[in-house]
Number of protein chains: 2
Amino acid sequence: MRQTLDFFLNDWLGVHKLTLRERFAEHSGETFAAVLDTCEKIARDKFAPIARLTDTEEPRFDGERVHLPVATQAATDAYVASGMLAASQDYEIGGMQLPCVIEMAANAFFSKANVAIGAYAMLTAGNANLLMAHGTAKQREVFAAAEFAGRWFGTMCLSEPQAGSSLSDIVTRAELELADDPLGPRFRLWGNKMWISAGEHELSENIIHLVLAKIPGPDGKLIAGARGISLFIVPKQMVDAEGRLTGERNDVRLAGLNHKLGFRGTSNCLLNFGEGGAGAVGYLVGQQGEGLKCMFHMMNEARIGVGLGAAMLGYAGYEASLAYARQRPQGRAIGPSGKDASQPQRPIIEHADVKRMLLAQKSYVEGGLALALLCARLVDEQHSGSAASAQEAKLVLEVLIPIVKSWPSEWCLEANSLAIQVLGGYGYTRDFPVEQLWRDNRLNMIHEGTHGIHGLDLLGRKVVMNEGQALQALAARVGKTVESALQEPGLAELGHALAAALTRLGDATQSAWSSGKPEQALANATPYLQAFGHLVLAWVWLDVTLKAGQGSSDFAKGKQAACRYFFAYELPKIDAWLGVVSSCESLCKDMPDAWF
Amino acid sequence: MRQTLDFFLNDWLGVHKLTLRERFAEHSGETFAAVLDTCEKIARDKFAPIARLTDTEEPRFDGERVHLPVATQAATDAYVASGMLAASQDYEIGGMQLPCVIEMAANAFFSKANVAIGAYAMLTAGNANLLMAHGTAKQREVFAAAEFAGRWFGTMCLSEPQAGSSLSDIVTRAELELADDPLGPRFRLWGNKMWISAGEHELSENIIHLVLAKIPGPDGKLIAGARGISLFIVPKQMVDAEGRLTGERNDVRLAGLNHKLGFRGTSNCLLNFGEGGAGAVGYLVGQQGEGLKCMFHMMNEARIGVGLGAAMLGYAGYEASLAYARQRPQGRAIGPSGKDASQPQRPIIEHADVKRMLLAQKSYVEGGLALALLCARLVDEQHSGSAASAQEAKLVLEVLIPIVKSWPSEWCLEANSLAIQVLGGYGYTRDFPVEQLWRDNRLNMIHEGTHGIHGLDLLGRKVVMNEGQALQALAARVGKTVESALQEPGLAELGHALAAALTRLGDATQSAWSSGKPEQALANATPYLQAFGHLVLAWVWLDVTLKAGQGSSDFAKGKQAACRYFFAYELPKIDAWLGVVSSCESLCKDMPDAWF
């Protein structure tokens, strides 16, 4: 993977140019590479070897404590020691001032090696980054700093048992206790939070929960909808104003662990807040009623992270199945007169259908990786580029975020299934890693916004916002790639195909909204999302291939082949998806319950 | 499911007409229904309640014995007591003389309730049926009879660690010991057999292994290829000519259990034959060198069984996710001005995208069930129909067998994934059945011929054999359905679409073979298989819908809707698959290893 990753970063995205910007001026291609080297090594040495162990010995709750395999501690300790928790933070608080694209690329090694254990660190960094953006100076100093140092870990507590996708329906209640606590306005909280990853463990001396809750209105009732939601810091262990543990435990209790299909190394919890009666202590972050806004400040990065994680699980399966296919003899070539049983068997990688399954995986996982890195690079552009460039990046990101979250979640899961298929019966056993990768990856279509919700976000908001500016910005980029491709004899045909697909997508977008009624427009939002995703990936592949050039190295040939695979086997699928969008097919919308 | 099953059997396939035939003359619609009632009840009472238990407490080997959950015994005992092991056998040996289609329909309840435990019985029936077809009178009397009675269970020992899909490469060796043993020519066997389902357990007092092995030629060497393969009965416990256990154990040893992703209730074994030195005792079945032919005598039924099992796993997930969607409140309707948070939430079944996921499942699982029952009905036609009718059924089955095995394995697995998605986070936990169904179903694309191999079988053999007669026979049936549809105002459009798809498929078949070279023709055999499958399912759905009529009952409306779903959302996918077939895309075939 490293060669491809380096190519994407250095040749395709030109990350070295970022070092010309003030924030990254002390960096160079060498420091970027050193970060990648370090993370690759830790992931290989500490994370990968325990991937099966952390699946088999999933977190166990004895009524008092949550037990994880001992080796988990060594892995997270090594991550902490790498300094990656503060990778993107300022030097002055001990950060590395790394661009988002390098931070993401480095973290990709952990997702590939052991996604479930990597999650502890990534949640902690996300939590602390949020506090840096929205917390008070004191909150940053006490909570964020301890998290960057890896002494405390963090969580995000959004969902409740009755409110998963619909956060406006949370009922966790927060009541003001003391307005001028040095750690922020102090509230008491009561409620239950579901699906809390890393919600309980003993890997760190404290756990900092970021909790969405509602402050009652003057009538004592919770305010309906998202505008009633505020954000709170709720530490597991109480902390004084100097950031020392007081020895008192906050009223946050583990009600139980969820037992999952995959991703088992990450403890996943139902947490009760304030069940003792007096309420869990929480400190308000940001303004009252702006909890969702604060929480979603880092949403783009979180969603890129999910997509990149999905791509990495796919990549791990691709590599495992490629290695297997190269050494497993089975079957013979089909000659003009069938097969000759007296000949020795050949490695299965020589069979066309096995190569098809490997090429599909290659196109999905390398494509998913490229897309995620591109999005991370756009985040950097948004934060450190010129005004015009930042604005353009922001617009393109708007439409790419639902894609980068959803596309790898769907297609790199399919890659994992193909990896199982390449291994055959062996792939179906727990003696090989591919079945676990498939189980782990199945989460990604569910969390951080379900597939269906990203479809609604894309077709319902992103492509129509500001009179379609975001879609136009993406189309302009696609158009440039098409133009370049048309200049290349070997790629002109693909350029035409991509241009036609873009036109088709634009037409379908208009058709969907022809009635002007959201319910009708969004009836086929998921097929729209799928078609949009395949178009984006075709564009990414064509652009990557333009950069790889028409050379004859194995590396360049591989990129050309994966691109051709995508255009021949995958891009044509968009017609079926866009068909129902364009015709405003209302079958699903209109189906009455009784007919099922 | 029962209403749909009854509709398929009685209204669509007209199974009562079979009772006009001599073999089934003592049956009636009532006796068929009684068999279904009995099996439905046993499956519900004894198999379903232990589905999770048999997943969690998978078979365990302590070095001496294989342990299964105690409740497994009660389940298989109840199956034995039902008499279903001899469902298709003659009355005179205690059978029920049931048509294949009724036997399959009845067994479907077990696959739906607990596919892994159902496998013990179904392997036993398959084993005994094979002995009835190819065994000597004595072998039938001793081995088959004990299996039909459920005293002994059976296995199929084909694969070896180095020979999975390529059976011609097995190296298990069989040497003649005594030509005139009453139980058949007695051989000694040495070798290892892999992936042996039900290969070791204590559910029955004996296990009858049917083992493929090679008898050396005069030069002492094993004969290359399939023609060297013979079939042997290898009992776990030695048996005398009267069928009594001698108390002596044959030299068949469990080398280890495979630990699988799913289907865990079925013990899956690596068995060593003859590791003690003197060889395991085996009795030749049928002629020397005709082992594969004997083993594959029941191949059609076995492959229909796999497809039906896949459809049943899909059906179980469909029902679970439908029930969940009806009771889970989440989110609100999208009105002209967005959502109104002050309104109560509504059940998720009211969201268009959830209905899409349920309709997709409905179209996959009911379609898969219909196809499997149709194939079983064709088996009956082949065995009990008039000469012309039997010949036509045989031809149609030739092309449908790769489809009925592969299509439900792929798309009812997708149905299981959609079921998880409907349940969201809950679907990802082991507190709900859908994740297990998805794991269980993943096996079906691998065993009984992998997906890729069925593609080769379809495009490489079935559609070209006898100058395309089988394909023509299917096309004639499709043509009749199209004709009927064109008479129905509500279905004419679908009829035209199906006719166009059929033409497209025919053209693609010709294009694929335009070079006459198998390696080139088969380069895209799997996409061809996928397209062929979707066409077959569209045909099945249109035919089913013609029978359901244009009535306004919920049942009829549901069938119409699923049919329309399939034509609007699914059938158009064939263009992408056939595109690479028609253009003889050689990318995968030509891809060199070094480019990956």
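Here region A:153-289 was treated as a single set of alpha-carbon atoms; its pair distances binned every 5 Å from 0 give 2, 11, 20, 25, 20, 13, 7, 2, 0 percent. A cut-off of 5 Å between modelled amide H atoms, ignoring neighbours fewer than 5 places along the same chain, links residue A:256 with A:270. Residues in region A:13-23 carry Karplus couplings, in order, of 9, x, 4, 4, 5, 5, 6, 6, 8, 3, 4 Hz; the curve used is 6.51 cos²θ - 1.76 cosθ + 1.60 with θ = phi - 60°, and Gly or Pro positions show x.
Computed with a 1.4 Å probe on the full set of protein chains, the accessible area for residue A:569 sits at about 20 Å². With label points set 7 Å from Cα along Cα→Cβ, the inter-copy distances at residue B:500 are 1.6 nm, sorted shortest first.
Per-residue 3J(HN,Hα) values for region A:33-42, derived from phi via the Karplus relation 6.51 cos²θ - 1.76 cosθ + 1.60 with θ = phi - 60°, read 4, 5, 4, 4, 4, 4, 5, 4, 5, 4 Hz in sequence order (x marks Gly and Pro).
So if we plug the beta-carbon distance of residue A:93 and residue A:480 into 1/(1 + (r/R0)^6) with R0 = 45 Å, what FRET efficiency do we get, rounded to 0.05?
With R0 = 45 Å, the Cβ-Cβ based efficiency is 0.70.
Figure legend: label point modelled 7 angstrom from the Cα of residue A:519 along Cα→Cβ; residues of region B:318-337 with amide N under 13 Å from it are B:332-337. Evaluating kT/(6 pi eta Rh) at 4 °C and 1.567 mPa s, with the Kirkwood radius of region B:128-193 over Cα pairs in the Stokes-Einstein relation, gives 95 µm² s⁻¹. Built from the Cα atoms of region A:345-440, the convex hull projects on average onto 7.8 nm², one quarter of its surface area. Taken about its Cα centre, chain B carries a charge dipole of roughly 1040 debye when the Cβ of each Lys and Arg holds +1 and the Cβ of each Asp and Glu holds -1. Computed over protein heavy atoms with a 1.4 Å probe, the carbon and sulfur contribution to the accessible area of region A:2-145 reaches 52%. In the assembly of identical copies, residue B:469 has its label point, taken 7 Å from Cα in the direction of the beta carbon, separated from the corresponding points by 7.0 nm (ascending, one decimal).
Placing a label point 7 Å from the Cα of residue A:179 along the Cα-to-Cβ direction, the residues of region A:288-314 whose backbone N falls under 20 Å from that point are A:288-291. Helical content alone sets the calculated 222 nm signal of chain A at -16000 deg cm²/dmol, taking -39,500 (n - 2.57) per DSSP H segment of four or more residues and averaging over every residue. When the square roots of the Cα gyration tensor eigenvalues are ordered a ≥ b ≥ c, the ratio a/c for region A:408-491 is 1.5 or more and a/b does not exceed b/c, which makes its shape oblate.
The angle between the Cα long axis of helix A:465-487 and the main principal axis of chain A comes to about 30°, on a 0 to 90 degree scale. Taking amide H positions as modeled 1.01 Å from N, with prolines and chain starts lacking one, the residues under 5 Å from residue B:290 and 5 or more places away or on another chain are B:231. Potential lengthening of the chain between residue B:244 and residue B:390 amounts to 48.5 nm, from the contour at 0.36 nm per residue minus the alpha-carbon distance.
In this calculation the C-beta distance from residue B:343 to residue B:22 is compared with R0 = 45 Å, giving a FRET efficiency of 0.10. Per residue, the solvent-accessible area of region A:1-119 (1.4 Å probe, heavy atoms of protein chains only, all protein chains present) comes to 43 Å². Accessible area per residue was computed with a 1.4 Å probe on protein heavy atoms; residue B:38 scores about 70 Å².
When the chain is fully extended, how far beyond the present Cα-Cα distance does residue A:510 get from residue A:431, taking 0.36 nm per residue of separation? Walk me through the intermediate numbers first.
On the way: separation 79, 0.36 × 79 = 28.44 nm, distance 5.02 nm.
Difference between extended and current length: 23.4 nm.
Accessible area of residue A:514 (1.4 Å probe, protein heavy atoms only, ligands and nucleic acids ignored): about 90 Å². Ordered by 1.4 Å accessible area with all protein chains kept, B:394, B:589, A:559, A:17 run largest first as A:17, B:394, B:589, A:559. Between 0 and 90 degrees, rounded to the nearest ten: what's the tilt of helix B:100-134 against the longest Cα principal axis of chain B? Between the helix axis and the principal axis of chain B, the angle is about 40 degrees.
Per residue, the convex hull spanned by the alpha carbons of the protein assembly as shown comes to 174 Å³.
Computed with a 1.4 Å probe over protein heavy atoms only, the accessible surface of region B:313-445 comes to 27 Å² per residue. Accessible area buried by the pairing of B and A, both sides summed with a 1.4 Å probe, works out to roughly 8000 Å². Kirkwood analysis of region B:1-92, using all unique Cα-Cα pairs, places the hydrodynamic radius at 15.8 Å.
For region B:432-481, the spherically averaged projection of the C-alpha convex hull amounts to 5.3 nm².
On the principal axes of its alpha carbon atoms, region A:451-589 extends 51, 28, 22 Å, with the longest extent given first. Where in region A:552-596 does the amide nitrogen come within less than 18 Å of the point 7 Å from the Cα of residue B:3, taken along Cα to Cβ? Only A:591-596 pass the distance filter.
Fraction of C-alpha pairs exceeding 39 angstrom in chain B: 31 percent, rounded to a whole number. Between amide H atoms placed 1.01 Å from N, distances below 5 Å from residue A:334 occur with no residue 5 or more places distant or on a separate chain.
Applied to region A:537-551, the Karplus parametrisation 6.51 cos²θ - 1.76 cosθ + 1.60 on θ = phi - 60° returns per-residue 3J(HN,Hα) values of 5, 4, 4, 4, 5, 5, 5, 4, 6, 4, 6, 5, x, 8, x Hz, with x for Gly and Pro. Label points for residue B:551 are taken 7 Å from Cα along Cα→Cβ. From this copy to the others they lie 6.9 nm apart, shortest first.
The values are calculated or read from the model by the stated rules, or taken from the named source; none is laboratory data. This is a predicted model, so every value here is computed, not measured. Don't worry about glycine lacking a Cβ; one is built from the backbone with ideal geometry, like all the others, and counts go over all protein chains shown. To get the accessible areas, we keep the full protein, side chains included, count just its heavy atoms, and leave off ligands, DNA and RNA. Shrake-Rupley method; radii C 1.70, N 1.55, O 1.52, S 1.80 Å.
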